[in-house]
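The values are calculated or read from the model by the stated rules, or taken from the named source; none is laboratory data. Every value quoted in this text rests on a predicted model; they were computed, and no experiment measured them. Cβ placement follows ideal geometry from the backbone for every residue including glycine, while neighbour counts extend to all protein chains displayed.
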Amino acid sequence: MELQGRVLSVASECVPLVKTGGLADVAGALPAALAPLGWDMRVLMPAYRSLRPRIADWPEVWREEGLWGGAGIVRQGVVEGVTVLALDAPHLFDREGGPYGGPHGDWWDNPQRFAALSWVAARIAREGLADWKPDVLHAHDWQAGLAPAYLAFGGAGGVGTVITIHNIAFQGWAPSTLLGELRLPRSEFHPGALEYYGGLSMLKAGLVTADRVTTVSPHYAEELMRPEFGMGLQGVIAARAAEGAVSGILNGVDTAAWSPETGPHPFSARSMKGKAEARAALCDEFGLGVPGPLAILVSRLTDQKGIDILPAAVPDFIAGGGGLLVLGSGDPALEAAMQALVTRFPGRVAVRIGYDEALSRRMFAGGDAVLVPSRFEPCGLTQMYGLRFGTLPVVSAVGGLSDTVIDASPAALAAGVATGVVFHPVDALGLGQALRRLLALHADRTVWTALQKNAMRQPLGWETSAAAYAALYAGLRG
Ligand code: ADP
């Protein structure tokens, strides 16, 4: 494929190097998905402590001596096919702890740390490396939000800019006293640009200055213009949308890594015997005896995920023959609420507190349904894993959940396109009703099997998303 252009992707995390959320999956998957379309993408990210042994012998391709209190050196290497530009600035990133904080909470200098990442991104975009000059800069979330801003304020040098919102709950707020230190012009400190509730938001800076704004599903893009989802930035998004600058591009999933055809009990839409074996093994593992549908939940246990509505919704489901297996960790009160269900319904409900990817795979393979009762969900992955494994998603009608699951309404069933159960509002009554419908669908083997086959046939790979990003970049190329 002929080269269409070069893209500098700027992200605070990237699979397989550092991951705390879906942003890392997107940053890590896009380069390989875009390559066949002629787009050459490199990923600029901080060299956290965990990366340092890996990058030690990578060649230096760029440097700035005075980068917020020390030298910043960009080293280039290739990790599982992805060309990574690691920003080696030990005074900012060589710390014990996570990307954003240590044992005592967020790092106090996060605005400076990610301003540095964005500053370097903007300079590389504008000036280019010795052998590589991007046509487009693609910033992800607030951590890269200042990159389009630095280009807009300091001259973009013909580089187009895109910012993607993975979760608008994180906005990168900083006090206005930092304006000068963050190398931002005071003249831009007004409500139409950097100012945000008296301070500045690094996400807002990106949203107002980037040529294009995207988010990770079409439905979330629309929701973001409403106060209940926009979290203060709804006006900014609506203004950019009015210019035609906002779009939603659904994330893909790694369909090879998440395939029912691998694993100890392989199965496919044509032969589902392995799924029954996987279910039996899973029930054995947790001492479950469930005559009806076995619902699974694999999630952070937080308010966002709607976990608090489960305890009131589940008893009728259990009475109707259902069972529940939960894997997750998070809010201690929600963990305790899940444990209480085990005491109340022994043999029908089991809970594992913790993070365990191998177990999550056994659950997606062996479960009958996956619950995703989120209050908001920019894209969501577990409903897509559920579709892959014929584990029917029961989801709230928000964000990417709405874009990926087709409700088993009579019309959708008749048309043969239904793939799960979609409910609204996000409360115990809504979920309870969805679970009653699940019991009825499960009781009809013909309907259930048809739903599973539809679910497993959904195209969920990165190809469609990559084509949409490629079209976006092509529109920005100078
Ligand atoms: P979010 O990024 O908001 O947490 P997503 O659905 O986009 O939600 O992604 C969550 C990812 O983390 C999925 O891959 C899911 O399977 C995984 N996950 C969440 N909790 C656990 C857990 N306790 N154990 C294993 N995997 C988990």
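Determine, yes or no, whether Gln433 is touching a strand residue (DSSP E or B) at 6+ places or on another chain (Cβ under 8 Å), surrounded by fewer than 19 Cβ atoms within 10 Å (Cβ to Cβ) and more than 24 Å from Ile165 (Cβ to Cβ). Spelling it out, Gln433 is indeed touching a strand residue (DSSP E or B) at 6+ places or on another chain (Cβ under 8 Å), surrounded by fewer than 19 Cβ atoms within 10 Å (Cβ to Cβ) and more than 24 Å from Ile165 (Cβ to Cβ).
When the stretch 42-63 is filtered for residues that are crowded, with 17+ Cβ neighbours inside 10 Å and without any contact (Cβ under 8 Å) to a residue 60 or more places away in the chain, the ones remaining, listed by number, are Val43, Ala47, Tyr48, Leu51, Ile55, Trp58. Within the stretch 370-386, residues that are more than 16 Å from Pro293 (Cβ to Cβ) reach partners that are more than 7 Å from the ligand (Cβ to nearest atom) and among the aromatic types (Phe, Trp, Tyr) with beta carbons closer than 6 Å, at six or more positions or on different chains, in the pairs Phe376/Phe229; Pro378/Tyr220; Tyr385/Trp258; Tyr385/Phe364. If you go through the stretch 442-455 and keep only what is surrounded by fewer than 20 Cβ atoms within 10 Å (Cβ to Cβ) and either of a type in the set (A, V, I, L, M) or farther than 12 Å from Ala408 by Cβ (or both), you end up with Ala443, Arg445, Thr446, Val447, Thr449, Ala450, Lys453.
If you take the residues of the stretch 276-329 that are of a type in the set (Val, Ile, Thr), out of contact with any Pro (no Cβ under 9 Å at 6 or more places or on another chain) and under 17 Å from Val395 (Cα atoms), which of them is nearest to the ligand (Cβ to nearest atom)?
Among residues in the stretch 276-329 that are of a type in the set (Val, Ile, Thr), out of contact with any Pro (no Cβ under 9 Å at 6 or more places or on another chain) and under 17 Å from Val395 (Cα atoms), the one nearest to the ligand (Cβ to nearest atom) is Val298.
Among the residues of the stretch 32-50, is any touching an Asp or Glu at 6+ places or on another chain (Cβ under 8 Å), closer than 23 Å to Asp141 by Cα, at pLDDT 95 or above and within 16 Å of the ligand (Cβ to nearest atom)? Within the stretch 32-50, none of the residues are touching an Asp or Glu at 6+ places or on another chain (Cβ under 8 Å), closer than 23 Å to Asp141 by Cα, at pLDDT 95 or above and within 16 Å of the ligand (Cβ to nearest atom). Within the stretch 1-24, the set of residues being crowded, with 22+ Cβ neighbours inside 10 Å and within 11 Å of the ligand (Cβ to nearest atom) comprises Leu23, Ala24. Screening the candidates Ala278, Ala174 for the property of being at pLDDT 95 or above, of a type outside the set (S, T, N, Q) and more than 30 Å from Ala365 (Cβ to Cβ) yields one hit, Ala174. Name the residue that is nearest to the chain's Cα centre (by Cα), counting only residues in the stretch 56-95 that are of a type in the set (Gly, Ala, Ser) and either in a loop (DSSP other than H, G, I, E, B) or at pLDDT below 95 (or both). By that ranking, first place goes to Gly81.
Against the conditions (1) among the hydroxyl-bearing types (Ser, Thr, Tyr); (2) touching a helix residue (DSSP H, G or I) at 6+ places or on another chain (Cβ under 6 Å); (3) farther than 15 Å from Lys305 by Cα, Ser374 satisfies every one except (3).
Just one residue in the set Leu401, Leu359, Leu429 is over 20 Å from the mean Cα position of the chain (by Cα), within 11 Å of the ligand (Cβ to nearest atom) and more than 20 Å from Gly292 (Cα to Cα); that residue is Leu359.
For Gly98, the conditions (1) in a helix (DSSP H, G or I); (2) within 22 Å of the chain's Cα centre (by Cα) all hold with the exception of (1).
Just one of the listed residues (Ala358, Ala408) is surrounded by fewer than 23 Cβ atoms within 10 Å (Cβ to Cβ) and of a type in the set (A, V, I, L, M), and it is Ala358.
Of all residues in the stretch 161-184, none satisfies the criterion of being surrounded by fewer than 18 Cβ atoms within 10 Å (Cβ to Cβ), within 16 Å of the ligand (Cβ to nearest atom) and either under 16 Å from Asn251 (Cα atoms) or without any contact (Cβ under 8 Å) to a residue 24 or more places away in the chain (or both).
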